[in-house]
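One structure is given below, encoded as structure tokens.
Coordinate-derived values only; no laboratory data. What you are looking at is a predicted structure, and each value in this text was computed from that prediction instead of being measured. Please note: Cβ atoms are built from the backbone with ideal geometry, for glycine as well, and neighbour counts cover all protein chains shown.
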Amino acid sequence: MTAFALAFASIVSRIPFGTLTFLLPIYGRQLGASASQIGSPFPALAFVLVGARPMLDPALDRYARRPFPPHR
């Protein structure tokens with residue numbers, strides 16, 4: 001049951017971002033945006049995530065990550 005709940009939470013948490021990446025270009029085109037204006041936020045997000053990851057990893061390892069399943 002725990003594996004199912006974890007898989008379900010993982011899928012549900014990704015729905016908003018997946019919807020955004022699908023609908024943002026359509027909505028942008030309706031507003032009259034060019035292809036470069038529509039596509040520029042996606043690589044920018046990737047660069048920010050790649051740049052921030054080395055700085056955030058030590059804090060995540062220390063404060064946020066817990067072993068799964070927790071040891072008794």
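Of A52, Q30, P41, which is farthest towards the positive pole of the chain's charge dipole, taken about the Cα centre with +1 and -1 on the beta-carbons of Lys, Arg and Asp, Glu respectively? Final value for the positive-end residue is A52.
Between F17 and D61, the simple label model (points 7 Å from Cα in the Cβ direction) yields a spacing of 2.2 nm. The calculated 222 nm mean residue ellipticity attributable to helices in the chain amounts to -25000 deg cm²/dmol, summing -39500 (n - 2.57) over DSSP H runs of n ≥ 4 and dividing by all residues.
In the list (i) 2.00; (ii) 1.01; (iii) 1.58, the label attached to Cα Rg over 2.2 N^0.38 Å as derived from the coordinates here is (iii). The dipole here belongs to the chain: it is taken about the Cα centre, uses +1 on the Cβ of Lys and Arg and -1 on the Cβ of Asp and Glu, and is about 220 debye. When the chain is treated as a GNM with alpha-carbon contacts under 10 Å, the residue of R53, R62, R29 showing the greatest mean-square fluctuation is R62.
The phi-based Karplus calculation (6.51 cos²θ - 1.76 cosθ + 1.60; θ = phi - 60°) puts the 3J(HN,Hα) values of the stretch 42-48 at 5, x, 4, 4, 4, 5, 5 Hz, whole numbers, x for Gly and Pro.
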